[in-house]
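Data first, discussion second: the structure below is written as structure tokens.
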Amino acid sequence: MASTLTERLSRLVKTMRGQARITEDNVQEMMREVRMALLEADVALPVVRDFIARVKEKALGAEVVGSLNPGQVLVSIVNRELAATMGEGVSDINLAAQPPAVILMAGLQGAGKTTTTAKLAKHLIEKRKKKVLTVSADVYRPAAIEQLKLVTRQAGAEWFPSTKDDQPLAIAQAALDYARKHYMDVLLVDTAGRLAIDEAMMREIAELHGALKPVETLFVVDAMQGQDAVNTAKAFREALPLTGIVLTKMDGDSRGGAALSVRQVTGAPIKFAGTSEKIDGLEVFDAERHAGRILG
Ligand code: GDP
């Protein structure tokens with residue numbers, strides 16, 4: 001197994017003991033290790049470059065205090081910057097809207113949208129005491145509608161029926177009317193996804209966004225997607241004003257570098273992490289813990 005960043009840096013700092021300041025040379029050498037650690041974690045290259053430039057600026061001339069050596073100081077700067085970048089603006093689901101607050105779920109097929117929709121429904125019922133309705137606008141895959149029905153039942157939320165013969169916009173409108181009439185607090189709208197970015201899909205979800213005026217538009221992305229996550233994130237950011245990210249499949253063995261990439265590309269906060277296939281496998285995103293995982 002590759003050694004951790006901390007181990008690699010401590011090897012480097014053996015030669016730097018007794019220094020009071022971090023010098024340009026120290027930083028150069030260490031940044032090579034940081035860069036490698038981020039690339040190994042599958043952070044996208046342009047994001048790595050940008051991040052390194054920021055850390056470099058902070059590290060240069062940083063004082064080495066007390067018993068810490070320059071390597072330890074640098075590791076803590078990298079850790080802090082990583083956690084700060086990923087943790088910026090983190091908050092629970094925003095429900096500050098005239099009820100029903102609409103939450104639109106966006107992402108590629110297989111990212112975990114349907115599963116996450118049910119997990120969020122459960123979260124909102126249990127933690128926020130809300131009355132939740134779900135609906136699927138995925139008219140291309142009848143199995144997806146059935147899947148949402150099943151997991152919504154597990155979540156203890158209400159499910160609004162739709163069929164493959166309906167138009168996504170009409171489904172969304174009907175669900176919204178029903179939610180209003182039945183005093184629902186939240187309407188979660190699951191949408192169609194393709195295996196790759198597709199213009200028609202983007203147009204459709206942008207139309208849904210225009211009609212529903214959601215208070216949250218969540219981008220659901222598979223943490224295992226690695227480098228590709230950047231392009232997916234870009235395409236969704238261009239089509240929709242994203243308000244948050246849910247990073248799924250964090251129970252997999254990826255180092256989760258997609259978190260940093262997607263955070264940087266979309267500018268949206270990472271709100272939740274999916275941690276299993278089960279309905280209760282959803283956690284509030286912990287940026288500090290995740291920084292440790294990325295750096296190894
Ligand atoms: P969708 O096509 O975006 O709606 O994706 P689904 O919700 O159908 O999920 C695709 C697959 O990923 C299913 O087998 C889910 O059980 C699985 N899945 C979703 N979220 C997670 C997660 O956080 N961890 C794990 N291990 N599997 C997940």
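The values are calculated or read from the model by the stated rules, or taken from the named source; none is laboratory data. Predicted model only: the values in this text are computed from it and were never measured. Note: ideal-geometry Cβ built from the backbone for every residue, glycine included; neighbour counts use all protein chains shown. In case anyone asks, the SASA skips ligands and DNA or RNA and just uses the protein heavy atoms, side chains included. Shrake-Rupley method; radii C 1.70, N 1.55, O 1.52, S 1.80 Å.
Of note:
Results for (1) closer than 20 Å to GLU158 by Cα; (2) surrounded by 22 or more Cβ atoms within 10 Å (Cβ to Cβ), shown as yes or no for each residue.
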| residue | (1), (2) |
| --- | --- |
| ALA179 | yes, yes |
| THR191 | yes, yes |
| ILE197 | no, no |
| GLU204 | no, no |
| HIS209 | no, no |
| LEU212 | yes, no |
| ALA223 | no, yes |
| GLY226 | no, no |
| GLY252 | no, no |
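- Criterion applied to THR243, THR217 was being open to solvent by 30 Å² or more (accessible area, probe 1.4 Å), at pLDDT 95 or above and in contact with a Pro (Cβ under 9 Å, 6 or more places away or on another chain), and the one residue passing it is THR243.
- All positions within segment 1-28 that are at pLDDT 70 or above and either under 18 Å from ALA258 (Cα atoms) or buried (at least 16 other Cβ atoms within 10 Å of the Cβ) (or both): LEU5, THR6, ARG8, LEU9, LEU12, ILE22, ASN26, VAL27
- Looking across segment 84-120, the residues that are more than 13 Å from the ligand (Cβ to nearest atom), touching a strand residue (DSSP E or B) at 6+ places or on another chain (Cβ under 7 Å) and open to solvent by less than 20 Å² (accessible area, probe 1.4 Å) come down to MET86, ILE93, PRO100, ALA101, VAL102, ILE103, LEU104.
- Single residue of segment 271-281 satisfying the filter (among the charged types (D, E, K, R) and assigned to a loop (DSSP other than H, G, I, E, B)) that is nearest to the ligand (Cβ to nearest atom): GLU277
- Residue in segment 124-143 that is in a strand (DSSP E or B), under 21 Å from MET250 (Cβ atoms) and open to solvent by less than 10 Å² (accessible area, probe 1.4 Å) present: no
- The residue list GLU158, GLU146 contains one member that is out of contact with any Gly (no Cβ under 8 Å at 6 or more places or on another chain) and either open to solvent by 80 Å² or more (accessible area, probe 1.4 Å) or under 16 Å from GLY193 (Cα atoms) (or both), which is GLU146.
- Listing of strands (runs of 3 or more DSSP E) fully contained in segment 184-270 that carry 3 or more residues being free of Cβ contacts under 8 Å to residues at least 24 places away in the same chain and more than 16 Å from the ligand (Cβ to nearest atom): none
- Whichever residue in segment 228-240 is out of contact with any strand residue (DSSP E or B) (no Cβ under 6 Å at 6 or more places or on another chain) and under 22 Å from ALA101 (Cα atoms) and, among such residues, is surrounded by the fewest Cβ atoms within 10 Å (Cβ to Cβ): ARG237
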